[in-house]
Amino acid sequence: MIREPAVAKALDTLDTSACVRLAQDLIRVPSITGEEGAVQDLVALMLEEAGLEVDRFDADVSRLKAHPRFPGMEVERHEAILVAGLLGQKGDRSLILNGHVDVVPPGDRQAWHASPWSAHIHAGRLYGRGACDMKAGVAIAIAAAAALKKSGLPLRGRLIVESVVGEEDGGIGSFAMAERGYRAEAAYVLEPTRLRLIPAQAGALTFRLRIRGRAAHASVRYEGVSAIDKYELVEARLRQLERSLNAHPHPLFRHYPIAYALSIGRMRAGSWSATVPDELECEGRLGVPVGMASADARKELAAAIADAAQRDPWLAEHPPQIEWFGGQFDAVEVDPEHPAFAALQAAHADEFGLAPELEGAPYGSDMRLLVHEANTPAVLYGPGDIRQAHSADEWIAVEEIVQAARVVTAAAARYLAA
């Protein structure tokens, strides 16, 4: 296969073995959301060794939280260490490679066959918390930048590697990067997509719902009002809302059984086994269709709950209370034919002999912050399968890391080389 000279030169200098080792080194540093300082120090060192200009800064968490468009967070934090690596000078083109280093807790250690931080390779799979989501993606960004630096290719503009924190609970890191002024003509967010190109993602809004009842002794439960029973009325109406939101899914989401899921993830009710529960509190996640504003989705949920309440005498007098908290992920869509994304598709086609599949993502990510806050069109593209993320024995195929590194490096060279 004959490649453009710039692409061939960049690929000649790409060290895929070093890329895998970078991923292993990152996995070995625990970085649960809110505790990312040590791994960010390592990222800064890796970028310096690659020859990039490094901007390591501690974002002002209090100031960001007070911002009217703050994306929310669920883990209380007092610091947010961000690292950016810069290659080249400002010009007529620029590209961001974005990835997050925060990971979710490993959960039950007994469910793991080895330490969550082992980063061992077995049968072609790299294991460890964050292997898939998404330290391999961060390693690819660093390796691609190192290859472009080593190649000596003249660039039409700047390549920016963004290593961010807090993606798992809202996106404070990418939000802080935008506030610091980091913008580009385009961005690749190297999340696990099975090497599919994702130009559209659904939104996801976290909410808390409180339903009141009336306590009574369990032996005369008919004297009380069970908050659990009243929740069941509300829950039935929420299922109707979910069906309504999914009546006409975006074409890139039609293969999902439920494109925009409405799910209750936590629930607490009552205070005593022999007492009718007088309060129920639950927390859930509302999927937001592509093309719908988050404010409109919130109104839809509020209207559905109000509709359920007005149909029941008790709930009509004691309406459920809704609170929006934690991560608030807007839906977003970009044009996949943007020159930077066309370069990515061409690089993928060179590597695999066919264009990448285009899909929609039913989950939220930092993609929407790059688009809405940094005014930077962005897509998701990276190795790994989201079904492995957050799981015990999380893993990613080493071969897929190598393939993704080659595609991202080639795409960056194709787009940025003068």
| note | Per region 1-103, sqrt(5λ) over the Cα gyration tensor eigenvalues, sorted largest first, in Å, gives 31, 19, 12
| remark: extent check for region 258-367: Cα max minus min per principal axis, descending, whole Å, gives 66, 29, 22
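Beyond 20 Å, how much of the Cα-Cα pair distribution for region 203-329 remains, as a whole percent?
Everything past 20 Å amounts to 47 percent.
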| What is the packing order of peptides 117-129, 174-186, taking the mean over residues of other C-beta atoms within 10 Å and listing the highest first? | 174-186, 117-129
| query | Under 14 Å Cα-Cα from residue 230, which aspartates and glutamates qualify once same-chain neighbours fewer than 8 residues away are excluded? | reply | 278, 279, 281, 307, 312, 317
| message | Under a Cβ-only charge scheme (Lys and Arg +1, Asp and Glu -1), can you give me the dipole magnitude of the chain about the Cα centre, in debye to the nearest 20? | response | 340 debye
| Where the Cα pairs of the chain fall when distances are cut into 20 Å bins, in % | 26, 52, 18, 3, 0
| query | Using a simple spin-label model with points 7 Å from Cα along the Cα→Cβ vector, what separation in nm is obtained for residue 302 and residue 258? | reply | 2.4 nm
| Mind checking which lysines have their C-alpha under 29 Å from residue 90, skipping anything on the same chain fewer than 8 residues away? | 9, 135, 149, 150
| message | Report the Cα-based extents of region 313-418 along its three principal axes, largest first, to the nearest Å. | response | 67, 37, 21
| said: Just want the answer: with Cβ charges of +1 for Lys and Arg and -1 for Asp and Glu, which residue in 251, 328, 13 is farthest toward the dipole's positive end in the chain? | reply: 251
| field | Equivalent ellipsoid, region 73-185 (semi-axes from 5 times Cα gyration tensor eigenvalues, Å) | value | 30, 20, 8
| For the charge dipole of region 80-186, defined by +1 on Lys and Arg C-beta atoms and -1 on Asp and Glu C-beta atoms about the Cα centroid, which residue among 155, 182, 110 has the Cα displaced farthest towards the positive pole? | 155
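A short reminder: the numbers here are calculations on the coordinates, not readings from a lab. Model, not experiment: these values are computed from the prediction. Reconstructed Cβ throughout: ideal geometry from the backbone, glycine too, with neighbour counts over all protein chains shown.
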